[in-house]
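Here's the structure, in structure tokens; my notes come after.
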Amino acid sequence: MLTKLRIRNFKCFEDTGEMEIRPLTLLVGPNSSGKSSIMQFLLALRQTVESPDIQVAFAPNDSWVRLGSYPDFIFRHEWQRELEAMLEFTEHLPAPVRSSRRPNKLRLKVRWRYNKKTTQIQLEESELVYNDGEFTQLVVRKAREYEAILKSTSEDGKEGRREALPVHFYDFAVRLREGKKPTNLPTKVPSRLVTALLSWQLGLLTVGQIAALELRRLFYLGPLREFPQRSYVISGQAPSDVGVRGERSAEVLWFASRTKRQRQRMLENLNRWVKEFGIAKEVRLQRLGKSNQYQVLFVDAATNLPVNIADVGFGASQLLPIIVQGFYAPPGSVLLVEQPEIHLHPKAQATLGDLLMEVVKVGDCQIIVETHSEHLLARIQRRIAEQKFSHEQVAIYYFEPTPGGTKIHRIELDEYGQLAEPIPEGFFEEGLEEALAHMKAVGERKAKEVSVASEGMDN
């Protein structure tokens with residue numbers, strides 16, 4: 001899972017500072033303050049590792065996100081600035097490289113630069129550190145070439161240097177120039193890494209592939225889900241997720257119904273939660289004749305009649321992809337969700353908080369959610385006070401736009417779910433402000449009415 005994140009010179013951020021990413025992380029703040037930008041950067045990394053072109057150091061425009069050119073997304077549009085990032089992962093490393101120590105950590109630091117002549121984004125430096133130095137791969141740009149510096153905590157303590165060929169930004173194939181021999185190469189590598197690292201002769205370090213694997217665990221659901229359709233075409237192939245607009249939710253439902261394990265994990269939870277939200281008794285897929293088209297039906301709890309999703313309230317159709325994605329994602333996934341509360345009434349927004357907490361606990365997933373809902377936060381605070389969820393599993397970040405770029409403030413919750421520090425200006429205070437303003441207006445109006453009535457009696 002993603003445990004730490006820091007980004008420099010990206011969009012409205014000169015420096016985000018080091019952000020601790022917990023199982024449930026909330027991004028809050030005004031519109032256009034940079035909350036979505038955090039998710040966009042992570043998605044750009046995912047589509048970079050998925051690019052078939054090994055020459056691509058950073059892929060800003062692909063299926064997950066479209067950021068434009070380097071000057072478009074660099075801080076203040078100053079293309080001379082370098083883009084930097086630090087990510088730390090833990091817990092879900094593949095079995096061959098798990099250490100006896102806990103937690104297992106993999107830290108990735110990357111630095112990119114824009115080449116104005118070629119209009120290409122080039123890698124300047126990449127560093128992978130496994131378990132605080134148990135194994136380190138540092139690759140730096142030397143003119144037109146790259147040099148790999150390889151270190152391990154072997155008994156001899158030696159480090160090796162080789163010429164390197166980039167494989168995206170996270171992994172490198174290292175090679176030797178003709179006629180040159182390797183110098184000071186480590187003679188011993190920790191035994192638990194042997195099965196994960198191919199031979200030095202091949203020169204391929206699969207530790208970088210671990211970083212890529214972690215980035216491929218990112219899944220994104222945008223703020224505007226797809227408008228409900230009267231029928232859906234099912235391809236029969238298992239989708240990896242519900243799609244950025246929830247457009248593959250019906251396919252996921254169909255696939256989940258084919259296997260007992262998925263049916264138990266996802267369908268049973270789905271039906272329980274649509275009841276909890278009060279939108280249906282259960283959800284069904286009904287095939288249209290012998291075609292590959294299916295309709296999604298919500299069974300009404302009062303009448304027990306199936307209703308097509310296109311005829312159900314819009315909020316229900318927007319909620320469905322969130323529930324489906326939450327219980328379909330494989331363990332260890334990081335779910336990026338923007339404004340899940342859209343089109344939901346306050347009670348449903350509060351219930352949404354319960355859903356997110358259960359996905360974290362039961363689904364063993366991590367959720368980063370961008371939200372404007374104080375009802376969602378209030379439910380999380382309540383469950384912490386009831387000891388049904390730990391405050392240590394929650395991180396809240398408030399995004400404050402300033403003339404010098406957006407500043408990110410950590411908002412701590414104590415063991416009772418209370419805010420451990422004063423609320424920043426603009427942090428979910430609109431409801432209170434409106435209530436106070438309403439009370440003031442009522443008082444002033446009544447005082448005025450009494451004054452007018454008194455003057456009338458005097459006359």
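Brief remarks on what is shown
- Residue that is surrounded by the most Cβ atoms within 10 Å (Cβ to Cβ), among those in region 370-408 that are more than 21 Å from V359 (Cβ to Cβ) and polar (S, T, N, Q): T406
- Residue in region 318-341 that is touching a helix residue (DSSP H, G or I) at 6+ places or on another chain (Cβ under 7 Å) and at pLDDT below 90 present: no
- Qualifying residue in region 36-57 (condition: modelled with pLDDT of 95 or more and part of a strand (DSSP E or B)): no
Here is a yes/no grid of residues against (1) at pLDDT 90 or above; (2) small (G, A, S); (3) part of a strand (DSSP E or B):
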residue: R76; (1), (2), (3): yes, no, no
residue: E124; (1), (2), (3): yes, no, yes
residue: L128; (1), (2), (3): no, no, yes
residue: L138; (1), (2), (3): no, no, yes
residue: I149; (1), (2), (3): no, no, yes
residue: G160; (1), (2), (3): no, yes, yes
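- Which listed residue is in contact (Cβ under 8 Å) with a residue 24 or more places away in the chain, surrounded by 18 or more Cβ atoms within 10 Å (Cβ to Cβ) and part of a strand (DSSP E or B), from L335, L344, L352: L335
- Criterion violated by M266 - all others in (1) in contact (Cβ under 8 Å) with a residue 60 or more places away in the chain; (2) out of contact with any Ser or Thr (no Cβ under 7 Å at 6 or more places or on another chain); (3) within 17 Å of R230 (Cα to Cα) satisfied: (3)
- Residue in region 268-279 that is assigned to a loop (DSSP other than H, G, I, E, B), surrounded by fewer than 16 Cβ atoms within 10 Å (Cβ to Cβ) and modelled with pLDDT under 80 present: no
- Any hit, region 102-112, residues being at pLDDT below 70 and either among the hydrophobic types (A, V, I, L, M, F, W, C) or part of a loop (DSSP other than H, G, I, E, B) (or both): yes
- Taken as a whole, the structure places V307 among residues that are closer than 30 Å to R230 by Cβ, of a type in the set (V, I, T) and in a strand (DSSP E or B).
- Checklist (1) assigned to a helix (DSSP H, G or I); (2) not assigned by TED's automatic domain parsing to the domain that holds G278 applied to I322, failing item: (2)
- Exactly one residue out of I367, I396 is among the aliphatic types (A, V, I, L, M) and under 20 Å from Y416 (Cα atoms), and it is I396.
- Looking only at region 233-266, and only at residues there that are touching a helix residue (DSSP H, G or I) at 6+ places or on another chain (Cβ under 9 Å) and either charged (D, E, K, R) or not assigned by TED's automatic domain parsing to the domain that holds S291 (or both), the one that is farthest from Y220 (Cα to Cα): R263
- Exclusive hit being on the phi < 0 side of the Ramachandran plot, under 20 Å from the mean Cα position of the chain (by Cα) and not in a helix (DSSP H, G or I), set V244, V283: V244
- Within region 395-413, being under 16 Å from L24 (Cβ atoms) and part of a loop (DSSP other than H, G, I, E, B) holds for one residue alone: E412.
The values are calculated or read from the model by the stated rules, or taken from the named source; none is laboratory data. This structure is a prediction, so every number in the text was calculated from the model and none was measured. Ideal geometry is used to build each Cβ from the backbone, glycine not excepted, and the neighbour counts take in all protein chains shown.
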